[in-house]
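The values are calculated or read from the model by the stated rules, or taken from the named source; none is laboratory data. Source: prediction; values computed, not measured. A quick note on method: Cβ atoms are made from the backbone with ideal geometry, for glycine too, and the neighbour counts reach across all protein chains shown. With ligands, DNA and RNA removed, areas are computed over all heavy atoms of the protein, side chains included. Shrake-Rupley method; radii C 1.70, N 1.55, O 1.52, S 1.80 Å.
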Amino acid sequence: MNGFMRKSIIFLLAALLALPAALAGAAERRDAVLDNLPLYELRTYAGTGEYGESDGDRKTAEFRAPIGVTVDSLGRIIVADTGNQLIRTIEDGQVTTTAGLFLGFDDYGFPAAGFANGPAAEAAFDSPSGIAVDGRGRIIVADAGNHAIRAISPDGTVSTIAGTGILGHTDGLAIYSQFHHPLDVAVSRSGVIYVADTLNHVIRKIENGRVTTLNKPSGRTAEIFPGVVVPTGDYRDGALSEALFNEPSGIAIDEKGNLYVADTGNQRIRYIDLEAGTVTTVAGGGELAADALYVEGGYADGKAEEARFNAPRGIEVTPDGGLIIADSLNHVVRYLKDGVVTTVAGVPGESGKWDGVARATHLSLPTDVHYIGDGAFVVADSGNNRIRIVRPYDVPAGLEGGAIEVVYNRKVLESDAEPVIIGGSMFVPARIISEALGYTVDYLGDGVATLTQGDAWYRIRTGSTTVESAFGNLQLPQAPFIREGLLFLPVRFFAEQMDLHVHWLNDVRAVLIRDKQIELTY
């Protein structure tokens, strides 16, 4: 692992590495925020995917492991471009640098870090991570490598709110306070700044120029190598003053003014009730072994207490009281609502860069999320050097719910015959879908037809559940048939053999067929 990764992408190995030196659709309701889960789509919004620092059009701009993302009151997407030591803004399809100075490259060939206040173009950061916007329009930055909390005012002036630039754990006057690799911030309506002070394993509060620690610091140590003992986090619910965390690295404020915390090292989502002064676990679990730095990660959806995470990072409270979670090392985005955890985007345990159907496409080390309205949210896809957007599928206009229609991605396919349902299976005219997918359909007589595209071919016989193909014999759930001179195939055939996602849109009586994965679409 190179020096840049050691400094800017902490994830679960942060403490160890620190020793020697991360739209409304016709068929879907939107009164609930994430009620479109089977239909959600993941799209690249900005970034080529290549390491770089160039501004310009969002399709050609470059990022370097962006870790934090938020949206200001004007709808601009603000990005903590961690590896570039910059704060970037995406507005009207353009990426610009909001603050940060290029200081040349370090020994590993990555942009060098610094610590300087002043005009935006002269300011310097060290691994800026979590970001938020306060009521005054300031961008609040968890400047992790500088162990400080910084602010960018609307006029572009960069200042230090708290932290001396030297790691430590000191409360009191903000200008003399000390932090240890803070990875996230959240700002209340009244302007109180809450900080996930990651390697101090605590939650801090900045109010009226003073810093206080809300929970008990961990006194736990772990022997990571024979004779090498290091301080590490711990786990305890209960009274806030006695509660323990393990590398908290995501923080969000709910409508009551209380805090959700992504307790990364404990693989849990915790909840701080500030009025009651208590900490509870609301999702996740696992045992913290005696000499382990962290709880072992895992993956499971379902009841919150049975759900499992692998380095949960950035989190966001949605208007309906749910919580979106960037589950970084599982490479997915999760959703916690009403005591149930579901996966919204990404394939668990698989890293990749494809766009397409959200649950069938890939993310790579997602580290932050921010809700942008109408069921959509933006993702800092740090491992892909991209900013992605997850949003509900929009049903094409004009579907009236009469005859059954076939929709391919967003195109309503024309046909002389509508699909039919037999024995619980949906059958569709073979030609309209096959030709939309680029296959040639030939009828050979005697109830035999072929579908051909390049080297791929399928030979289908009416009345038979066996399909000959270039890939061997295949079995259909029900036999195809000819009606009104057209060959009808089970829609499941297309889903399984051509890697398509099939969904029944009940409100408009349409079969939706989509490519699971597509090239970058912007």
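What the table shows:
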{"item": "Every residue from the stretch 264-293 that is open to solvent by 30 Å² or more (accessible area, probe 1.4 Å) and either among the aliphatic types (A, V, I, L, M) or over 14 Å from residue 243 (Cα atoms) (or both)", "result": "274, 275, 276, 282, 287, 288, 289, 290, 291"}
{"item": "Selected residue (criterion: farthest from residue 66 (Cα to Cα)) from residues of the stretch 78-96 that are out of contact with any Lys or Arg (no Cβ under 6 Å at 6 or more places or on another chain) and either of a type outside the set (Val, Ile, Thr) or open to solvent by 10 Å² or more (accessible area, probe 1.4 Å) (or both)", "result": "92"}
{"item": "Residue in the stretch 329-344 that is touching a Leu at 6+ places or on another chain (Cβ under 8 Å) and among the small types (Gly, Ala, Ser) present", "result": "no"}
{"item": "Options 470, 479, 456; residue that is within 24 Å of residue 405 (Cα to Cα) and aliphatic (A, V, I, L, M)", "result": "479"}
{"item": "Every pair of residues 6+ apart whose Cβ atoms lie under 6 Å, when the first sits in the stretch 262-285 and is more than 13 Å from residue 306 (Cβ to Cβ) while the second is among the aliphatic types (A, V, I, L, M) and in a loop (DSSP other than H, G, I, E, B)", "result": "264/311; 266/295; 279/243"}
{"item": "Some residue of the stretch 347-368 being charged (D, E, K, R), surrounded by fewer than 21 Cβ atoms within 10 Å (Cβ to Cβ) and over 14 Å from the mean Cα position of the chain (by Cα)", "result": "no"}
{"item": "Criterion (closer than 25 Å to residue 353 by Cα and under 14 Å from the mean Cα position of the chain (by Cα)) met by exactly one of 410, 391", "result": "391"}
{"item": "Some residue of the stretch 190-208 being farther than 25 Å from residue 245 by Cα, open to solvent by less than 20 Å² (accessible area, probe 1.4 Å) and not polar (S, T, N, Q)", "result": "no"}
{"item": "Within the stretch 434-502, strands (runs of 3 or more DSSP E) holding 2 or more residues that are open to solvent by 70 Å² or more (accessible area, probe 1.4 Å)", "result": "440-445, 456-461, 481-483"}
{"item": "Positions within the stretch 146-155 being outside any strand (DSSP E or B) and open to solvent by less than 20 Å² (accessible area, probe 1.4 Å), in sequence order", "result": "146"}
{"item": "Hits in the stretch 351-387 (condition: closer than 22 Å to residue 318 by Cβ, in a strand (DSSP E or B) and among the hydroxyl-bearing types (Ser, Thr, Tyr))", "result": "367, 371"}
{"item": "Neighbours by Cβ (under 9 Å, 6+ apart or cross-chain): first from the stretch 101-128, under 15 Å from residue 54 (Cα atoms) and part of a loop (DSSP other than H, G, I, E, B); second open to solvent by 40 Å² or more (accessible area, probe 1.4 Å) and not hydrophobic (A, V, I, L, M, F, W, C)", "result": "101/122; 102/53; 110/2; 110/7; 110/51"}
{"item": "Among (1) under 30 Å from residue 344 (Cβ atoms); (2) open to solvent by 30 Å² or more (accessible area, probe 1.4 Å); (3) of a type in the set (S, T, N, Q) - the single one residue 246 does not satisfy", "result": "(2)"}
{"item": "Which numbered condition residue 401 fails, given (1) surrounded by fewer than 21 Cβ atoms within 10 Å (Cβ to Cβ); (2) of a type in the set (Gly, Ala, Ser); (3) not in a loop (DSSP other than H, G, I, E, B)", "result": "(3)"}
{"item": "Tally of residues being assigned to a loop (DSSP other than H, G, I, E, B) and farther than 15 Å from residue 197 by Cβ across the stretch 229-244", "result": "2"}
{"item": "Lone qualifier among 379, 390 - being open to solvent by less than 10 Å² (accessible area, probe 1.4 Å), at pLDDT 95 or above and touching a Pro at 6+ places or on another chain (Cβ under 8 Å)", "result": "379"}
